[in-house]
Amino acid sequence: MENGCFIHESSYVDQPCIIGAGTKIWHFTHIMENCVIGESCNIGQNVLISSGVRLGNNVKIQNNVSVYNGVECEDDVFLGPSCVFTNVINPRSHVDRKSEFKRTIIRRGATIGANATIVCGIEIGEYALVGAGAVVTRDVAPYGLIKGNPARLSGWVCRCGEKLTFETEFSVCAHCGANYMIKDGGVVRQ
């Protein structure tokens, strides 16, 4: 562990693990061994970070989230309250499938809304926004706004989180002024 992090006395941090400076770990949280947690993260109460999980810098995890083995969150990811990750496609109590864990990656700046479920083996693109309660069963494009069950593309969002409006193949964020363009079926920042 690095100096400069805060760990509430009711939480457990198994060793070895790495926790970056300025990270805060709140009540009743369990960080399992061999985790790498970046700097300036904020991990809410009643959170489980399983063995081998990697979190980038400035990751915010709200209350009641379990981040299972196989999940990786890049810098600036936001995980909303009670969102859910899986790591096996076909779990059975009586069948050991630890060798079948699927990798799930949440790219830089993406947001997962409250109570959303992320099925394992997919990638959430950078700065994508997953709506509250969505059930994500396939990859999400960068800047994609998805919602529903199963989750479907419903629009595009800026890095700042505001919805983009495309009347042509170009859009300017009304909030921050960033420029975007539709390209190859997705959105790119200019």
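If you take every DSSP beta bridge fully contained in the stretch 6-162, what fraction is antiparallel? Give it as a percent rounded to 5. Intermediate results must be reported in sequence, preceding the final value.
Working: 5 of 42 bridges.
In the stretch 6-162, approximately 10 percent of DSSP beta bridges are antiparallel ones.
Mind checking the alpha-carbon convex hull of the stretch 112-190 and giving the volume per residue in Å³?
On the way: hull volume 6.5 nm³, N = 79.
Considering the Cα atoms of the stretch 112-190, their hull volume per residue is 82 Å³.
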Classified through the alpha carbon gyration tensor (a ≥ b ≥ c as square roots of its eigenvalues; rounded if a/c is under 1.5, else prolate when a/b is larger than b/c, else oblate), the stretch 79-144 comes out prolate
Give me the lysines in straight-line cross-link reach of Lys24: C-alpha distance below 25 Å, same-chain residues under 8 apart excluded.
Lys60
The chain, dipole about Cα centre (Lys/Arg Cβ +1, Asp/Glu Cβ -1), debye to the nearest 20
460
Once Lys and Arg are counted +1 and Asp and Glu -1 for all other residues with Cβ under 12 Å from that of Ile49, the total becomes -2
16 Å Cα-Cα reach of Lys183 towards aspartates and glutamates, excluding residues that sit fewer than 8 places from it in its own chain
Glu126, Glu167, Glu169
Residue range of the chain that is longest and free of GluC sites (Glu not before Pro) which are both DSSP loop and sparsely packed (at most 11 other C-beta within 10 Å):
10-166
Extent along principal axes [Cα atoms of the stretch 70-109; Å; largest to smallest]
37, 20, 10
Please check which bits of the stretch 112-147 a label hung off Ala178 would reach, taking the label as a point 7 Å along Cα-to-C-beta and the cut-off as backbone N under 20 Å.
112-114, 123-132, 140-147
Note on the chain: contact order normalised by length, alpha-carbon pairs under 8 Å, 6 or more apart, percent, works out to 10
In whole angstrom, how far apart do the alpha carbon centroids of the stretch 62-125 and the stretch 130-144 sit?
12
List the residues whose amide H sits under 5 Å from the amide H of Gly155, counting only those 5 or more places along or on another chain, with H placed 1.01 Å from N in the peptide plane.
Leu145
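Once you have a ≥ b ≥ c as the square roots of the Cα gyration tensor eigenvalues for the stretch 6-162, tell me rounded if a/c is under 1.5, and otherwise prolate or oblate according to whether a/b is larger than b/c. Intermediate values should be presented prior to the final figure.
Values: a/c = 1.86, a/b = 1.23, b/c = 1.51.
Oblate shape, in that a/c is at least 1.5 and b/c is the bigger or equal ratio.
Since every read-out is calculated from the coordinates, none of them should be taken as a lab result. Since we're looking at a predicted model, the values are computed, not measured. For neighbour counting, all protein chains shown are included, and Cβ atoms are generated from backbone atoms with ideal geometry for every residue, glycine included.
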